[in-house]
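Reviewing the structure listed below.
The values are calculated or read from the model by the stated rules, or taken from the named source; none is laboratory data. All figures in this text were calculated on a predicted structure; none of them were measured in a lab. Neighbour counts run over all protein chains shown; Cβ positions are idealised from the backbone, glycine included.
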Amino acid sequence: MTAPTKVQFPSFQLTIAGELHAPAPGAPARKGSAVIISHPMTGVKEQTSTVYARAVSQAGFYALTFDAGYQGESSGEPRGLEDPHQRVEDIKSAVSYLSTLSGQVDPTRIGVLGICASGGYTSYAAQSDARIKALATISAACVGRMTRTGGVQEHKREDAAAIAGALEYAAQWRTSAAKGARADAPQMFDAMNVPADADEFLKDAAEYYGTERGRHPRSTQKVPLASYDLMVAYDSFNFQHLIAPRPLLMIAGSRAQTLHYSRTAVQAAEEPKELFIVEGKNHFDLYDDVTGSGPKLVEFFGRYLGSPKPSSKNGRSSASAMTPRGESHHRSHGAVQALIDNTSHPYNAFRSTRSERTLEMSSMNNRRIRRPLKAPERPLAVRNEYITDRKTLLIVKPRSGQGLGAGGYKIQDESGINQFIVTGPRDDGASSHSRRNTTYREFHDVTGLPLFTLPCKVGFQNGWEVKLPGTRSTTVVKGGPRWAVGAAAFRDWTVTFQNAAGASGKMQAETSVTLHVESHGNILTCYDIVDGDRKVAEVRESIAHNRKLALMPESRYKSSYHPVLDIVVVPGVDLSLVTSIAVLLSDWVFGSRHGQLRAAMSFV
């Protein structure tokens, strides 16, 4: 195993000592992905941080471990000071340092792993530093809550006596220091001399720090009393929802007395999030036993930072994924509950702070209810092979690429890899007299396999039909504007199809599904695709992929304005079905052939 490289970087007025672990020779290529690993309270980088650094570097990631300011080999006085906000700054400074390693680390692929108290510190850092692209924690804890309750146990509540005692100790320390007294920092616990009647958490700590498992000369468990008034008003998880839409994974042992921190932090976060429980392990077991946590971390960081796109059975690369939501256990590797994500974009001003809440948008004439994204109760598909098993983002690019022609589209994933292609107008061989009504476009996958034919024109009376290739009568999807009274007229659609997912042995009437396509937004166009009371997909003007946006409705009616669209699809839904709907919506709203129709449409 290659020895790590000693490094230093600044953090406020301090110099932080670190070690950079390069990807192991022969490890999978991770595109310059890196993971910053932050150690527990009273710990140093050579302990559990190094254990996890070896695990992720063996899997192809750069791994940066470091000593917190005032601790280990880093600078700062008094030694051992536990300053939560300095700890957070150290993590952000580590991100800054890695971002300077041109040719080694890709600054857009930096993740963070926090252990114990650093599970809290890294959460706090990720809440306010968007450069952290993925966050994982091991045995997370919050030092502020520990100080306010007088311990780590779940049953403990905020204790006035504990708070008063902590503040009094800190006050005495500071006053003595001001008068020139220099007192040694007291030990939080003596790992070599734990009373027989001590709490199990303390015994478990001694088993790690007092034995060869974790003993280190620079890890003395001494914490200056001035730390306590820095910790008492601090909280790691108050704004956990701000981490989204970046992914969160929190790992804890089923026997850990600190498990409740991870559970409540995951509950407070928004999707994508996961609580992964390693059965039979306590808080400190996970410091050096990576049999359960290691593979999960590699999978998590690989998915979000540096994994090649997995191939599907059709040979097309999978689109971007989100982690399964909720709580999973290492003892079971079966299917987990499908991801539900409340995706936000800058123009979605009504974004909920909880995925369970509904979103309400209003216009002058009616009120519109926006639902959170939610997986359907049963799979929805026209072509089963394109059902996604994860939350997926696709990008619809109009008239892009040679040979597509006007009316053509490329549909790509976040990495710019083609998933589907829609050609420009073709002719189905009809006579010239009827040709204007029968021209169509081909919808095929990236290998050239034809999937559907799409109409070139969308009308009020006939709507549109999606047919199987090579046929004139096999309609698989029908859609059209919903005839409603008032401001909603013409802006909403219905889409009907025979559900091919699980349709074997069922009558046609039993498999018929109608989706409602609802328009939202008076600034930028956004359509929700709704199955019953569940929003299963969203089509919207892309903030990230348009060079300019027409922010006023009248600007959108110009035939020259044809923006890139984003599609977000939940697990259990056919990507080709939603993409065909998105293409036809793009034609309906922005297609140059329908300017006279667009003027009649409402986008509020």
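Let me confirm something: among 46, 19, 77, 73, which residue is of a type in the set (Asp, Glu), assigned by TED's automatic domain parsing to the domain that holds residue 100 and in contact with a Leu (Cβ under 8 Å, 6 or more places away or on another chain)?
Numbers: 46 fails: in contact with a Leu (Cβ under 8 Å, 6 or more places away or on another chain); 77 fails: in contact with a Leu (Cβ under 8 Å, 6 or more places away or on another chain); 73 fails: in contact with a Leu (Cβ under 8 Å, 6 or more places away or on another chain).
The unique qualifying residue is 19.
Could you tell me which residue of the stretch 373-400 is farthest from residue 477 (Cα to Cα), considering only residues that are small (Gly, Ala, Ser) and either in contact (Cβ under 8 Å) with a residue 60 or more places away in the chain or not in a loop (DSSP other than H, G, I, E, B) (or both)? Can you show your working first?
Quick first cut of the stretch 373-400, residues small (Gly, Ala, Ser) only: 375, 381, 400.
Adding the requirement that they be either in contact (Cβ under 8 Å) with a residue 60 or more places away in the chain or not in a loop (DSSP other than H, G, I, E, B) (or both) leaves 375, 381.
Numbers: 375: 21, 381: 10 Å.
The residue in question is 375.
So the check is Cβ under 6 Å with 6+ separation or different chains; which pairs have a first residue in the stretch 268-279 that's more than 25 Å from residue 568 (Cβ to Cβ) and a second one that's surrounded by fewer than 24 Cβ atoms within 10 Å (Cβ to Cβ) and charged (D, E, K, R)?
Correct list of pairs: 279/331.
Of all strands (runs of 3 or more DSSP E) completely enclosed by the stretch 475-536, which ones contain at least 2 residues that are at pLDDT below 90, in contact with a strand residue (DSSP E or B) (Cβ under 8 Å, 6 or more places away or on another chain) and outside the structural domain of residue 579 (by TED's automatic domain parsing)?
On the way: elements: 475-481, 493-498, 512-520, 526-531.
Output list reads 512-520, 526-531.
Looking only at residues in the stretch 32-47 that are over 17 Å from residue 73 (Cα atoms) and of a type outside the set (A, V, I, L, M), which one is nearest to the chain's Cα centre (by Cα)?
33
Kindly establish whether residue 52 is of a type in the set (Phe, Trp, Tyr) and under 13 Å from residue 116 (Cβ atoms). Working first, answer last.
Numbers: of a type in the set (Phe, Trp, Tyr): yes; under 13 Å from residue 116 (Cβ atoms): yes.
Taking the combined requirement at face value, the residue satisfies it.
Rundown of residues vs (1) out of contact with any Lys or Arg (no Cβ under 7 Å at 6 or more places or on another chain); (2) over 20 Å from residue 147 (Cβ atoms); (3) buried (at least 24 other Cβ atoms within 10 Å of the Cβ), yes/no style:
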| position | (1), (2), (3) |
| --- | --- |
| 51 | yes, yes, no |
| 61 | no, yes, yes |
| 66 | no, yes, yes |
| 70 | no, no, no |
| 74 | yes, yes, no |
| 77 | yes, yes, no |
| 83 | yes, no, no |
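Scanning for something out of contact with any strand residue (DSSP E or B) (no Cβ under 9 Å at 6 or more places or on another chain), in contact (Cβ under 8 Å) with a residue 60 or more places away in the chain and assigned to a loop (DSSP other than H, G, I, E, B), does the stretch 238-250 turn up at least one residue?
yes
Which residue, of 88, 7, 44, 105, is within 23 Å of residue 303 (Cα to Cα) and either in contact (Cβ under 8 Å) with a residue 12 or more places away in the chain or among the aliphatic types (A, V, I, L, M) (or both)?
Working: 88 fails: within 23 Å of residue 303 (Cα to Cα); 7 fails: within 23 Å of residue 303 (Cα to Cα); 44 fails: within 23 Å of residue 303 (Cα to Cα).
After applying the criteria, what remains is 105.
Quickly run through the stretch 251-293 and pick out the residues that are touching a Cys at 6+ places or on another chain (Cβ under 9 Å), of a type outside the set (A, V, I, L, M, F, W, C) and not in a loop (DSSP other than H, G, I, E, B).
Here is the first cut: in the stretch 251-293, the ones touching a Cys at 6+ places or on another chain (Cβ under 9 Å) are 258, 261, 265, 283-284, 287.
Restricting the remaining residues to those that are of a type outside the set (A, V, I, L, M, F, W, C) gives 258, 261, 283, 287.
Correct list: 261, 287.
Within the stretch 109-141, work out how many residues are surrounded by 24 or more Cβ atoms within 10 Å (Cβ to Cβ), closer than 16 Å to residue 94 by Cα and over 13 Å from the mean Cα position of the chain (by Cα).
Matching residues across the stretch 109-141 total 12.
Taking the stretch 137-151 only, how many residues are at pLDDT 90 or above and either over 29 Å from residue 266 (Cα atoms) or assigned to a loop (DSSP other than H, G, I, E, B) (or both)? Before you say what the answer is, go through the steps one by one.
So in the stretch 137-151, the residues at pLDDT 90 or above come out as 137-150.
Subsequent filtering for residues that are either over 29 Å from residue 266 (Cα atoms) or assigned to a loop (DSSP other than H, G, I, E, B) (or both) retains 139-142, 150.
Total meeting the criteria: 5.
Per-residue answers, yes or no, for (1) closer than 19 Å to residue 150 by Cβ; (2) under 20 Å from the mean Cα position of the chain (by Cα); (3) at pLDDT 95 or above:
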{"site": "188", "(1), (2), (3)": "yes, no, no"}
{"site": "196", "(1), (2), (3)": "no, no, no"}
{"site": "236", "(1), (2), (3)": "yes, yes, yes"}
{"site": "265", "(1), (2), (3)": "no, yes, yes"}
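Out of 218, 182, 174, I need the residue that is surrounded by fewer than 20 Cβ atoms within 10 Å (Cβ to Cβ), modelled with pLDDT of 95 or more, over 34 Å from the mean Cα position of the chain (by Cα) and outside the structural domain of residue 33 (by TED's automatic domain parsing). Which one?
On the way: 182 fails: modelled with pLDDT of 95 or more; 174 fails: modelled with pLDDT of 95 or more.
Just one listed residue meets the conditions, 218.
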